[in-house]
Amino acid sequence: MKLCFNYKFALHFSNFLFLLCGILLILSGCYLFTDNKRILLSRLIAAPSDRLNALPQPLLYYIALGLAIAGFVAVLASVVGFWASCLHTYCFLSIYFLSVVVLLLTESVICLAITLWPHCLGISLDESQMVKSLQTYYGVPGQEQFTNAMDLAQTRFGCCGMKSSLDYDTSLWRLQSYGQTNWPVPLSCCVLENAPQPLAYLDPKPANESQCQSLEHLSYERERYTESCLLHLDIWYREQYSVFLGASLLMAVVEFCVLLAIIMSCTGLASQKARLENIQNLTVQKRRRLTALSHRGLVENIYEPEVELRVNSGHSTNGICLGGPSRHVSSEDFTELYLKPSDLHTHRNNASFEPNSANFHAQTRNYLV
């Protein structure tokens, strides 16, 4: 019973941790939905992939949605786990086990895909591809998300261009005059006076626009960002990936604990049933043994003589000795034992006048008849 209690406690505790992880996943997904800047920056990471770039929303938008759904499924699975731990049956424990295994396999496949094959998902930070994406999509009508994401990266990280500010010289934004014709770089590459504002990337206001847009290096080196944005994007991507991987590993550890607790609970359930069966078998055997003993005593009592004359017992009834050196009972003793007192007095009076014993025996037989 103590082991069964320990198994149930382990299952309840692991279910509680699993429930907390599910709630945290839901909260993380909701928080990621509200972090518009983080979602917008993920558009730059998925830009080299035509399939991901064709999506209506950035990559982190769908990751946030997946986190919320995974958290909701985890909460439902934990509720089933609490139900299974209370009912303690193989059916519900099996359903709970399969649901946790499916979640664990799904998370493992996603983590392996992001870790080992990021190019399969379209996540690539190759320098040539990122520069090509910048020159193709920045400032082009219909690519407003990429344009805003690039402006956000340049304002936030203090950089200009993927490799350098020269990336804009051969971009469609400048060649087709989508921007100002006299601007060699966007305004987001300049040192802004409204940089502390949250939405400064949407309305950049350079501190010195003329020097920022100058073609001479000595003029713009203090008013224009010169660092590469690709390095900052790579660091940002690794930070996001580390957080995602750490959360996935923590979730995997909790799920492994849940699976181990389910296996232990099934083992405890089997041992508990085996003990109950042994107790029932012992009880049945004990009852059968008691029944057999009672039947044997009943048979012995049936065949036991009701009246037993013992030799030399020395016990007398009404003055007549039933014991003695011999087991012979005389007719007078028999009469005194089995006749009523009134009949016995009459018989004694009649017997005094009949010395012949044959008459006495005849009268006794007549009386008995």
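The values are calculated or read from the model by the stated rules, or taken from the named source; none is laboratory data. For clarity, every value in this text was computed on a predicted model and none was experimentally measured. Every residue, glycine among them, receives a Cβ derived from its backbone with ideal geometry; neighbour counts consider all protein chains shown. Accessible surface areas use protein heavy atoms only, side chains included; no ligands, DNA or RNA. Shrake-Rupley method; radii C 1.70, N 1.55, O 1.52, S 1.80 Å.
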- Query: Would you list THR34, THR283 from the most to the least accessible area, probe 1.4 Å?
  - Reply: THR34, THR283
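Per 0.36 nm of contour for each residue apart, how much would the distance between TRP183 and HIS12 grow if the chain were fully extended, relative to their Cα-Cα spacing?
Full-extension gain reported as 55.1 nm.
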- Message: Taking amide H atoms as placed 1.01 Å from N in the peptide plane, list the residues 5 or more away in sequence, or in a different chain, whose amide H sits under 5 Å from that of LEU192.
- Response: ALA207
- Based only on the alpha carbon positions, what is the Kirkwood hydrodynamic radius of the range 126-185, in angstrom? 11.5 Å
- Please express the Cα-Cα pair-distance distribution P(r) of the range 6-94 as a list of whole percents, one per 10 Å bin, running from 0 to the bin with the greatest distance. 18, 32, 22, 16, 11, 1
- Can you give the charge dipole size of the range 129-257 about its Cα centre, rounded to the nearest 20 debye, using +1 on the beta carbon of Lys and Arg and -1 on the beta carbon of Asp and Glu? 140 debye
- Using a/c under 1.5 as the rounded threshold, could you call the range 152-233 rounded, prolate or oblate? The axes a ≥ b ≥ c are square roots of the C-alpha gyration tensor eigenvalues, and prolate needs a/b larger than b/c, oblate otherwise. rounded
- Please compute the net charge surrounding CYS21, taking Lys and Arg as +1 and Asp and Glu as -1 over other residues with Cβ under 14 Å from its Cβ. -2
- Task: Round to the nearest 10 and report in Å² the accessible area of THR106, as given by a 1.4 Å probe over the protein chains' heavy atoms.
- Result: 70 Å²
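Using 0.36 nm per residue, how much length does the chain from LEU245 to ARG289 gain when fully extended, once their Cα-Cα distance is taken away?
Full-extension gain reported as 9.3 nm.
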- Item | Using θ = phi - 60° and Karplus 6.51 cos²θ - 1.76 cosθ + 1.60, couplings along the range 47-54 (whole Hz; Gly, Pro as x) | 5, x, 8, 5, 5, 5, 6, 7
